[in-house]
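The block underneath contains the structure these notes are about, expressed in structure tokens.
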Amino acid sequence: MQREEEEAYASRHQRTQSSSIAPFSKFEERKTKEKSSKVHTVTKFFTPSTKTPPKKDAGPFDAQSTPSPSSSASRHSSVDSDHATREFIDFLKPLKSGREIFKQCRAFTESMVYKRDMGADELSECVQDFYQNLSERLQTQFKGSSEHVESVMDEVEKYMMTRLYKEVFCPETTDDEKKDLAIQKRIRALHWVTIEMLCVPVDEEIPVVSDSVVKAITDVIEMDSKRVPKDKLGCITRCSKHIFNAIKVSKKEAASADDFLPTLIYIVLKANPPRLQSNIQYITRFSNPSRLMTGEDGYYFTNLCCAVAFIEKLDGQSLNLSSEEFELYMSGKASPNWPQATGASSCSPGSAVLSQVHKRLDLLTGLGERQERVIEKARQLESDLIDWTDEVEQKVQSVLESFPPETQNPAATSASGTTSAASSAIDADNVENELLPPPLQPQVFAG
């Protein structure tokens, strides 16, 4: 093991030692050379480097151990690879066959780099075959101790997949990237789906539940930042445990599998994890098969695959909607104001209250529409009244113009002798004045 470790980091240690140990006696000599080279400083910036490139037959292990400083991504990848290598060597040191295991893993990793043009299924088959062969040899060595074999295989997977991540994650020979864009667009189009439509038994009004939902979303998004399949599965497991905690607090009882899957679908819709299909395919192709077949990691990963399949095939019938409503919502031409009452009432205890709120909102909306219609009719009535008033005034004016304004009485004029007397007589126009009895005269009685 000491020999492999020295080969992996010899160049880096030599550079460090040569730069840190310098005799003081050569200080003046370096100053003299520095003065003489100042003239050519600007020229050297534009002169091609005379350093020879790495040989083609150099192993990829050495190339990754000494990263080029030209790319920050390459430096980051190389740092992760170096760190994984050091941890793997430290883990194998106590084992008798540690040196042989390291040699086999390093040789296989180097050979896989040159197989990047192979299909994803072929790459997966190569890795799985190596896992299987190594696991069988470890079973013989540890005499059936599954715990020791599993711990060694975990470290083998971590070392190999950290170094091969760039070559095997979302390879160009697959349509993983196309599937990533398709599922991302699909989830974005389903932004209108509510928690009641999926019958999710989670009450986000409770602070503890809301915090668990946020943590679950964070974990499933963080999955893309991990390189090792085991670490990606760990993110899915933590996300699922937060979901179970949110359901337990909301229902005040243990969560069931029937509650878990709809909630996981809701979390995926809210999170819209980056490169979701690529991460699922990466785990499926290059994870330790025993981890996917057994244990909680495999169970939660299977549920995530089911959630993604459900989202891809989601239709109106799944949400108790008609096909016309579903298409309108998907196209963005309409948006549901609330979920259907039947679905909400059977999902959570608070759905009855939500149904009442929605009914009140419906009533207010109807009253608003009726008020607008009443105002419109009132304005029409006001306009009709104005038109009717103008029409009446015109008719009155026409009648006044067709008849003389006033006619004089000739009999009254001759009797009084003056026009003013006739106009002042109260009963001048009364033709029955002559038939009236004479007025009463006052009489005096002797007492």
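The values are calculated or read from the model by the stated rules, or taken from the named source; none is laboratory data. Note that the structure is a prediction, hence the values are computed from the model and not measured. Note: ideal-geometry Cβ built from the backbone for every residue, glycine included; neighbour counts use all protein chains shown. Remember, those area values only see protein heavy atoms, side chains included, never the ligands or the DNA or RNA. Shrake-Rupley method; radii C 1.70, N 1.55, O 1.52, S 1.80 Å.
Stokes-Einstein diffusion of region 239-336 at 4 °C, 1.567 mPa s viscosity, Kirkwood radius from Cα pairs, rounded to a whole number: 84 µm²/s. Rounded to the nearest 20 debye, the dipole size of region 188-294 about its Cα centre is 640 debye, using +1 on the Cβ of Lys and Arg and -1 on the Cβ of Asp and Glu. Overall size of region 94-154 from C-alpha positions, given as principal axis extents largest first: 38, 21, 15 Å. The gain in end-to-end length when the residue 190 to residue 400 segment is fully stretched comes to 68.1 nm, 0.36 nm per residue minus the alpha carbon separation.
In whole percent, and with a 1.4 Å probe on the protein chains, what portion of the accessible area of region 122-236 is carbon and sulfur? Reported share for carbon and sulfur atoms: 49 percent. Pairs over the 28 Å Cα-Cα cut-off, from the set 313/333; 115/313; 215/333; 185/333: 115/313; 215/333. Taking all protein chains into account, the per residue accessible area for region 169-273 stands at 47 Å² (1.4 Å probe). Using a Förster radius of 41 Å, what is the FRET efficiency between residue 317 and residue 154 based on their Cβ-Cβ separation? Nearest 0.05, please. The value I calculate is 0.40.
With 10 Å bins beginning at zero, the pair-distance distribution over Cα atoms of region 110-195 amounts to 15, 32, 24, 18, 10, 1 %. For residue 93 and residue 115, the FRET efficiency from 1/(1 + (r/R0)^6), where r spans their Cβ atoms and R0 equals 41 Å, is about 0.85.
Taking the mean number of other Cβ atoms within 10 Å as a proxy for protection, how do you rank 162-174, 182-194, 379-391 from highest to lowest?
By packing density, highest mean first, the sequence is 162-174, 182-194, 379-391.
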